[in-house]
Each structure stands twice: as C-alpha cells, then as structure tokens.
C-alpha cells in the first residue's frame, strides 16, 4: 500500500512551486534507506545488475537521491539532479502479475531517474523498458507479493500518471492536482498508450456501436480486497487536496501524509487515513515519507528517512550538496545507513502505544517540539541560496547539515527518554 499525490502551481497563494508527496507503505519490519548516487559515465558494453536482472548500462547516468527498501536495487521514490521526481504504486489487475524474477516497478523508477531529465524523457524510458522486459518478480520483503505498477512522474513544470499491466501502458497528464493510491485511475481519458492498446483503441473508437477503450475497466481487479483500500485512501487524499485547492503549500503536504482520517487515531490498512500503522502485519505500515518542492531555480526534497510521518521529522535535501550523515559513525556501512530508520522506529512504537506513552513521557511535548523544529527548518531553507556555484553550495551545505544535526539531537534526546 502507498499513497502519492502532486499539486501543480496555478497562480494561487502557494509559492512552493510544483509539489510532490508520497508515503511508502510496506512491511513494518522493512528498513528503507536514503541513498545518494552521483552522476557517472560508463564505457560501452557495461552491464548493470538490477534486483533480479542484468541489463545493458547506458553511457551516462544522472545523480539521484533515492528512498530504497534495503534489499532492492530500485526505489519507492526518488529525485534526480534535474528536478525530476517519481513515485511508484502497486496496482492490481484481473490479469495476474508475473512472479517470475524480472523487471520490478522500483527498478523501472530508478532507471528512469538515472536516464531521464524530465517527465517526457522519463515516460519514454519506462515504456521502452516495459517493451523490452515487461514486469515481473517478487516485491515483498518477508511476505511474497507481485503486482503491476503505476507511476506519478513530475518535474518543475508538469506531471503525469503512467499505469502499466505487464507490457501494456497508458499515460494521462495531470492538470491541477491528482492522487494515486494502489488503484487504477485512467479510463478512456489517456493521452497515449502502448501499441497493442492503440490498435484496440482505434478499432473501437471508430465504431458507433462500441465505447472507446477504458483501461481501468479492461484491466482493474474485480477483487474488492485488492482495490477497496486504494479507492478509499485516494478519495481521502483528493478530499484533502480539494479543501486547499489554489493555496496548498508544503506544510499542507506534510499534514496530508500525516493524516489519520476523519475519526481514526491509529489506522490499519483499509482505514480512511493516509499515515498507516501496522508494525507487525505483513503489509500496511508507512516506512518512509517524501515531499518535494520544485521550482525552476530551486528544488528542495523533504524526507523523513524513517517510518510513520506522524512521528517523523521532515528534513531538507538539495542537490549539489552532501546528503547529511544519518548517524554518529563516519563510515558508509549499512549499519550507519540503517541507524536513522531503526532508532526512529523504536521511538515511533513508543509514541504510538497508548498503553505506554503516558507512563514514559508526554507525547504532546514531542509533537510540539518537532513542529517548532520543522518550522525553523522551513524558514532557514527559504533563506538558503540555490547551490549554483561553489560558494553558494558551501553555504547551503552548512545550513542543511545543521538542520539534520538538530533533528538528530532532537530524536537522540527523546530516544533517551524512551529507553
């Protein structure tokens, strides 16, 4: 389960540019890492090992920032140096997903970020790879799970949704705002489709006796267990977006990702909220969250790097600066990379346990301090120059590292109170 959405600037009160947001909902015990990979050039004939496949590498890859389940090559969400951001969603079809190890949706996402500069190039990269390899492979950490994929693809100017079943795909541009939540959204309103679907579309559209091809009607699952939660959560996000239409900003995106529904305070899969808590279940826990503010001159990616956005801290990352250190160690070991996620998971479990919270500390004090911290980050980053040269990059790097250090000290203090 996942939820992502985008909001295009429309001349309203928001000055945060084009916005992208995603909660990655996966198994509660599955760590998700923040990784930065610099741009690289490769000699001809280089091979690339993905999660399951080995394919030909391209000659040049762009720098990428990824939020990546620890055992996968690909990513749940990410951005590149050119302001391209992508999130993927599992979608379920009446056509069974291929479980044979192959090209999974998270690999497609990372490949598109490494090979494309904007939305148009990303769509081209994904559909080309779908044509070559299709989709297939287990995407579950401890519980096997295979699925088809949808992608929310945005850059500083535009956004689109791409939905794919095996090698068939459709694309629809986003006009104002849109949400995607593990359920197909594209019917007959697509702007482009795979060649095999185009053949069907052209033959039916020209007939007076038949309706145009409807992708969702043709492929979507009939099993309510596989679509009801996605329909409900997407409706919730669209409702929250519509209430703020024309004036939705960065903090509103954080609030939506932290949403627990109209009445629930601690949700399970299928509930109305967007922030999901199911630590011990096979699916349904929000394991990482991401919001991007994309302007032509400055792109800021706000990441928790942790589970449960309602207890997490959104911290800023800007390309051409260093990804701040996640823990107290200087090494690049997996242990350090996991430190941020694992420590917060312990804090979050304590905060979200109604039986123990009141006995250990006042959780309202935690949230108040966290909110003040994030507000300070916002003000600081607004004043931070875009890292366009060596001097501005050094200033920006210092500011961002200070934000991460303050977040680290905040969680360290509360970790001490928990344990």
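Read-outs throughout are calculated quantities, based only on the coordinates presented, and are distinct from any laboratory measurement. Computed from a predicted model, the values in this text were never measured in an experiment. Backbone-built Cβ (ideal geometry, glycine too); neighbour counts: all protein chains shown.
Exposure proxy check: 228, 374, 390 ranked by fewest other beta carbons within 10 Å? All intermediate terms of the calculation are to be shown ahead of the outcome.
On the way: 228 13, 374 21, 390 8.
Listing 228, 374, 390 from fewest to most nearby Cβ atoms yields 390, 228, 374.
Mind telling me which of 111, 152, 197 comes out most flexible in a GNM of the chain, alpha-carbon contacts under 10 Å? The residue with the greatest mean-square fluctuation here is 197.
When the helices of the chain are scored as -39500 (n - 2.57) per DSSP H run of n ≥ 4 and the total is divided over every residue, the value at 222 nm lands at -11000 deg cm²/dmol.
Exposure proxy check: 189, 222, 155, 3 ranked by fewest other beta carbons within 10 Å? Write down the numbers at each step before the final one.
Details: 189 13, 222 9, 155 26, 3 29.
In increasing order of surrounding Cβ atoms, one gets 222, 189, 155, 3.
The modelled label-to-label distance between residue 231 and residue 245, using points 7 Å beyond Cα along the C-beta direction, is 2.2 nm. Among 362, 376, 98, the largest mean-square fluctuation in a Gaussian network model of the chain (Cα springs under 10 Å) belongs to 362. By the count of other C-beta atoms within 10 Å, a proxy for reagent exposure, 388, 292, 93 are ordered fewest to most as 388, 93, 292. Placing R0 at 45 angstrom, the Cβ-Cβ distance between residue 383 and residue 415 gives a FRET efficiency of 0.90 after rounding to 0.05.
Classify region 1-132 from the C-alpha gyration tensor, please: rounded if a/c falls under 1.5, else prolate or oblate depending on whether a/b exceeds b/c. Walk me through the numbers before you get to the answer.
Values: a/c = 1.60, a/b = 1.19, b/c = 1.34.
Since a/c reaches 1.5 but b/c is at least a/b, the shape of region 1-132 is classed as oblate.
On full extension, the segment bounded by residue 322 and residue 376 gains 17.4 nm, given 0.36 nm per residue less the C-alpha separation. Modelled spin-label separation between residue 59 and residue 35, with each label point placed 7 Å from Cα along the Cα-to-Cβ direction: 2.6 nm. Principal axis analysis of the Cα atoms in the chain yields extents of 67, 51, 45 Å, listed in decreasing size.
Distance between the modelled labels on residue 198 and residue 95, one decimal in nanometres: 1.7 nm (7 Å Cα→Cβ projection). Mind checking which of 157, 368, 22 has the largest fluctuation in a GNM of the chain, springs on alpha carbons under 10 Å? Highest fluctuation of the listed residues: 368.
The simple Förster model, with R0 at 35 Å and r as the Cβ-Cβ distance, assigns residue 15 and residue 334 a FRET efficiency of 0.35.
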